[in-house]
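Notes follow the structure.
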Amino acid sequence: MQSLWLLIPLFLFIIITIPIIIESRFSYNFEENVGFFSIKLWLFTLATISIKIKGKYLIIRTKNDAKQVEISLIGPEIKLLEQLTVQIKDKIKVKKLEFHSNIGNGDAFETALLSSMFSIIIGIVWGYIKNQKDTASIIINSYPNYAEKNFLISLLARVSISIFDLIYSFIMASIILKKSDSKKGYVKVKK
């Protein structure tokens with residue numbers, strides 16, 4: 001009977017060390033200043049939000065538009081996100097990166113140049129990520145739109161990280177920010 005109690009720590013150890021697979025999708029239309037972000041954990045959608053940039057604020061709305069949150073782009077909460085990125089970048093495993101763009105200028109020649117230049121820049125960034133994370137599968141699709149003026153981008157990232165690494169990185173980022181005596185962020189919630 002006592003050996004059954006050993007299964008509880010074993011089960012907790014397995015849950016903490018098994019990597020969780022997170023898939024995030026981001027698309028943004030610069031012409032209309034509106035974007036969408038969704039995040040999935042395995043097969044379950046955790047959040048779908050719309051994004052809009054207004055001055056120095058990022059306006060986030062939930063899927064049913066019941067709540068609107070304004071986040072300052074220069075506030076201390078960005079410092080926490082930056083510190084968390086520093087802590088987590090070596091622990092994360094990149095599985096797949098996709099980039100899709102639909103760029104149009106109205107003129108066929110300028111559209112072709114702009115679309116190819118943008119694809120080359122993204123190719124350089126994706127190549128840098130590929131050099132850092134060997135296991136990444138990278139896809140770049142560029143669709144020039146010769147008839148209309150538009151600028152639409154879409155990103156898909158599938159990454160995995162263990163729960164232990166995620167919690168550890170968040171705790172370390174919080175400790176580093178507390179040591180630097182940063183003030184609480186400026187987040188307004190509107191209904």
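The values are calculated or read from the model by the stated rules, or taken from the named source; none is laboratory data. Because the structure is predicted, anything quoted here is derived from the model rather than measured. Here Cβ is always computed from backbone atoms with ideal geometry, including for glycine, and neighbour counts include all displayed protein chains.
Of the numbered conditions (1) surrounded by 14 or more Cβ atoms within 10 Å (Cβ to Cβ); (2) in contact (Cβ under 8 Å) with a residue 12 or more places away in the chain, LYS67 fails exactly one; give the number of that condition.
Single failed check for LYS67: (1).
So that you can scan it fast, the table gives a plain yes or no per residue for (1) surrounded by fewer than 16 Cβ atoms within 10 Å (Cβ to Cβ); (2) within 21 Å of the chain's Cα centre (by Cα); (3) among the small types (Gly, Ala, Ser):
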| residue | (1), (2), (3) |
| --- | --- |
| LYS95 | no, yes, no |
| GLU98 | no, yes, no |
| ASN102 | no, yes, no |
| LEU113 | yes, no, no |
| MET117 | yes, no, no |
| ILE122 | no, yes, no |
| TRP126 | no, yes, no |
| ASP134 | yes, yes, no |
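Please count how many residues of segment 1-37 are among the β-branched types (Val, Ile, Thr) and part of a strand (DSSP E or B).
4
So, in segment 116-137, of the ones that are at pLDDT 85 or above, of a type in the set (A, V, I, L, M, F, W, C) and touching a strand residue (DSSP E or B) at 6+ places or on another chain (Cβ under 8 Å), which residue ends up nearest to ILE78 (Cα to Cα)?
Restricting to residues being at pLDDT 85 or above, of a type in the set (A, V, I, L, M, F, W, C) and touching a strand residue (DSSP E or B) at 6+ places or on another chain (Cβ under 8 Å), the top hit is ILE122.
I'd like the full set of residues that are at pLDDT 80 or above and either among the aromatic types (Phe, Trp, Tyr) or exposed (fewer than 11 other Cβ atoms within 10 Å of the Cβ) (or both), limited to segment 14-27.
Listed by number, the list holds a single entry, PHE26.
Taking the condition of being closer than 12 Å to LYS93 by Cβ and either in contact with a His (Cβ under 8 Å, 6 or more places away or on another chain) or basic (Lys, Arg) (or both), how many residues in segment 129-149 meet it?
Total satisfying the criteria: 1.
Listed here are the residues, each with its yes/no results for (1) of a type outside the set (Lys, Arg); (2) in contact with a Ser or Thr (Cβ under 8 Å, 6 or more places away or on another chain).
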{"residue": "GLY106", "(1), (2)": "yes, no"}
{"residue": "SER116", "(1), (2)": "yes, yes"}
{"residue": "LYS130", "(1), (2)": "no, no"}
{"residue": "LYS133", "(1), (2)": "no, no"}
{"residue": "ILE140", "(1), (2)": "yes, yes"}
{"residue": "PRO144", "(1), (2)": "yes, yes"}
{"residue": "ILE153", "(1), (2)": "yes, yes"}
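Which one of these is surrounded by 12 or more Cβ atoms within 10 Å (Cβ to Cβ) and within 24 Å of LEU97 (Cα to Cα): SER38, SER72?
Checking each option against the conditions leaves just SER38.
Report every pair of residues separated by at least 6 positions or lying on different chains whose Cβ atoms are under 7 Å apart, first residue within segment 167-180 and at negative phi, second charged (D, E, K, R) and part of a helix (DSSP H, G or I).
LEU177/LYS79
If you go through segment 24-43, how many residues are of a type in the set (Ser, Thr, Tyr), closer than 21 Å to GLY55 by Cβ and without any contact (Cβ under 8 Å) to a residue 40 or more places away in the chain?
0
Looking only at segment 1-21, how many residues end up being β-branched (Val, Ile, Thr) and over 23 Å from ILE92 (Cα atoms)?
Summing the residues that are β-branched (Val, Ile, Thr) and over 23 Å from ILE92 (Cα atoms) in segment 1-21 gives 1.
Within segment 161-181, which residues are of a type in the set (Ser, Thr, Tyr) and surrounded by fewer than 17 Cβ atoms within 10 Å (Cβ to Cβ)?
Within segment 161-181, TYR168, SER174, SER180 meet the criteria.
Being small (Gly, Ala, Ser), at pLDDT 75 or above and part of a strand (DSSP E or B) is the filter; apply it to segment 40-81 and report the residue that is nearest to PHE170 (Cα to Cα).
ALA47
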